[in-house]
Amino acid sequence: MTSEKQRNAIMYEYVIDLVVPLIPATLDTGSEKFQTWEIAKYNFDPCLQVGDEVLISNLKIGNQEDEPFNFIAGVTKRQKEILVAKKAEESIF
C-alpha cells in the first residue's frame, strides 16, 4: 500500500490539545480566556480518560533559544468530532 493510500485509509485521528490561559489573566472570575495548542496527534487511541494525569515531555514554546520543559497535565475532556469529507467522492469511512 502506498503512503497516499495509507493516509486515506486512516479512519480516525486523536489530537491532544493543551488548554492554557491567555496572559495577562484578568482579575474578574469567569472572564478568563483560553488558547489551545496542539501538542500530539495519533492514528490510534492513546486510551486517555478524564481524570488521568500524563507527563508532557520536551514541550518547547517560544523562540529557538527557549529550552524545552516537562510538566504533568490532567485530562479534563474527551471530545468527539466528525470531519466531513472535503470532496463529494471522498468518504469519511
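Residues in the range 46-73 that are open to solvent by less than 60 Å² (accessible area, probe 1.4 Å) and closer than 20 Å to residue 13 by Cα: 5 in all.
Under the condition of being touching a residue at least 24 places away in the same chain (Cβ under 8 Å) and open to solvent by 80 Å² or more (accessible area, probe 1.4 Å), the residues counted in the range 28-41 number 1. Residue pairs whose Cβ atoms lie under 6 Å apart, separated by 6 or more positions or on different chains, with the first residue in the range 50-75 and under 18 Å from residue 38 (Cβ atoms) and free of Cβ contacts under 8 Å to residues at least 24 places away in the same chain and the second assigned to a loop (DSSP other than H, G, I, E, B) and open to solvent by 90 Å² or more (accessible area, probe 1.4 Å), are 68/60. Restricting the range 11-27 to residues that are modelled with pLDDT under 85 and among the hydroxyl-bearing types (Ser, Thr, Tyr), the residue that is most open to solvent (accessible area, probe 1.4 Å) is 12.
The values are calculated or read from the model by the stated rules, or taken from the named source; none is laboratory data. As the structure is a prediction and not an experimental result, all values here were calculated from the model. Note: ideal-geometry Cβ built from the backbone for every residue, glycine included; neighbour counts use all protein chains shown. All accessible areas refer to the heavy atoms of the entire protein, side chains included, with ligands and DNA or RNA removed. Shrake-Rupley method; radii C 1.70, N 1.55, O 1.52, S 1.80 Å.
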